[in-house]
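Notes to accompany the following structure.
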Amino acid sequence: MARPEEFWIQLRSAFDPDEVLVGQRSRDFYCEREHSPFDNMRLDFRKAAQSIRPPIAFFIGHRGSGKSSMLLRLLEHFQNDYFVLYFDIEHNLDSRKTNQIDLLYLLGATVFQVAVKEGINPDPKNLQELAESVYTVTYEKKEKAKDESLNVVELAKGLVCFGASMLGAGLGEKLAEALLKPFTLTSGISEEVARKREIEPRVQDIINNVNLIIADVQTKAGKPVLIVVDGLDKLERLEQAQLIFLESRALRGPICRVIYTVPMLIASAFGQLDGKAYLFPNVKLYEKTSDHQRYGKGYETMREVAQKRLQSLNLQPDDIFESDVLDPESDVLNLLIFKSGGVVRLFIELVQDACTAAERMGLGKVSRNAAQEAIDNRAERFAFGLTREKKEELRRVRTEKIPSDSKESSELLHARLIVAYRNQRTWFDAHPIVWDDL
């Protein structure tokens, strides 16, 4: 029997792939995962763990693996101990062009602006000095910034950034709205200029001014600063990612606790990152030695993802997904889980697409045909444009369980066509959704 339109609308809303879990939504929907680095990060970043230099951390994982929700949960955990702040470069910079100088400029301006929002009254002179130090990378005289009458305090008001008072209800909607706004900040420095060796000494001046802002805010807040820089996992060019993370030490400059997300583009160089490094693997659904050997714990985690969202509507999985009484292991929900490859956002997208197909077919539940339609549409998008070389790389990864250091491999990792899992160690495979195309 067909369901009313409002039923499917509410169901699709519960499975919103763009929602970042925070506040009550995190408490309602968040699912603990095997091999999550949350507990290690909680211990490494606790206030009592004093060190000569505050830890700088790099957090790598596939787009859609749930990194943002986990990082915001970490900030909520620490909001009484630290002056916490979160920003996503995608909301504030053109990520296609950004470089390490843009990031430093944004980081300093964000610390300033969050402090303003939290009522701390940071010194605007430090922000002006930061702007001037950035402009001297291109112009010999810092008066250039003054001549242009840059009102950097007003410019900072346009930044999308969040402190402790915003880590609650409504943040998810604000993050979604932020994607619709134009970029507000740029150093005006090209990647070509940022690569020049003679730039590095001048970058140190920028770092010094960032640290003046941080020191001012820490003193007035009475707490050390902890920053999450999100969105760097969306960088699409290998050369750009290598410049920011491997060829420059600029991101190590801020004297505070910072966590940077890292693109899978440079997964092969993960061990070379200069700082603490954490991997957020996808949910493992089968064993490394045999993709026919189902890993039950992974399926339980993914079913919990669905169940918690359905419970918000007073529903259970059996109310929505057709099951096979004779073979429960082959039910529709398990099919969607397997084809998601353990990538949480892709799973949520597949459920949402399958609901759309079921509604269009006039069904009361998501049937196997509706689920397969959603899977086929996603598989076509994933496999579109695969070259012979990339298919060969995927076949090799299927056998060897490790990517190469080729550019094709980096691009496949970024596109989630090669996915990461973990036993005692990390291993890789081609995404299950494209196995039939190989």
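The values are calculated or read from the model by the stated rules, or taken from the named source; none is laboratory data. Source: prediction; values computed, not measured. All Cβ positions, glycine included, derive from the backbone under ideal geometry; neighbour counts span all protein chains shown.
Of all residues in region 367-381, which are surrounded by fewer than 18 Cβ atoms within 10 Å (Cβ to Cβ), under 27 Å from the mean Cα position of the chain (by Cα) and of a type outside the set (D, E, K, R)?
Selection gives 377 alone.
Check whether at least one residue in region 388-406 is among the polar types (S, T, N, Q) and within 22 Å of the chain's Cα centre (by Cα), and report yes or no.
Keep residues of region 388-406 that are among the polar types (S, T, N, Q), which gives 399, 404, 406.
With the extra rule that they be within 22 Å of the chain's Cα centre (by Cα), the set shrinks to none.
Checking region 388-406: not a single residue is among the polar types (S, T, N, Q) and within 22 Å of the chain's Cα centre (by Cα).
What pairs come out if I take residues in region 95-108 that are touching a residue at least 60 places away in the same chain (Cβ under 8 Å) and pair them with residues that are acidic (Asp, Glu) whose C-beta lies under 9 Å away, six or more apart or interchain?
95/236; 96/236; 97/191; 98/191; 99/191; 100/247; 102/94
For region 1-116, which fully contained helices (runs of 4 or more DSSP H) count at least 3 residues that are under 14 Å from the mean Cα position of the chain (by Cα) and among the aliphatic types (A, V, I, L, M)? Give the derivation first.
Values: elements: 5-14, 24-29, 38-44, 67-78, 89-92.
Fully inside region 1-116 and qualifying: 67-78.
Can you pull out the residues in region 262-307 that are basic (Lys, Arg) and over 15 Å from residue 34 (Cα atoms)? Quick ask: steps written out before the conclusion?
Step one: of region 262-307, the residues basic (Lys, Arg) are 276, 284, 288, 294, 297, 303.
Within region 262-307, 276, 288, 294 qualify.
Could you check how many residues of region 358-410 are assigned to a helix (DSSP H, G or I), out of contact with any Lys or Arg (no Cβ under 8 Å at 6 or more places or on another chain), farther than 26 Å from residue 421 by Cβ and of a type in the set (A, V, I, L, M)?
Looking only at that region, the number is 1.
Take region 240-281 and flag every residue that is in a helix (DSSP H, G or I) and of a type in the set (D, E, K, R).
Applying the first criterion (in a helix (DSSP H, G or I)) to region 240-281 yields 240-247, 250-252, 264-272.
247, 252, listed by residue number.
Step by step: first the residues of region 337-366, then only those that are surrounded by fewer than 22 Cβ atoms within 10 Å (Cβ to Cβ) and touching a strand residue (DSSP E or B) at 6+ places or on another chain (Cβ under 9 Å), then the one that is modelled with the lowest pLDDT. Which residue is that?
Here the answer is 365.
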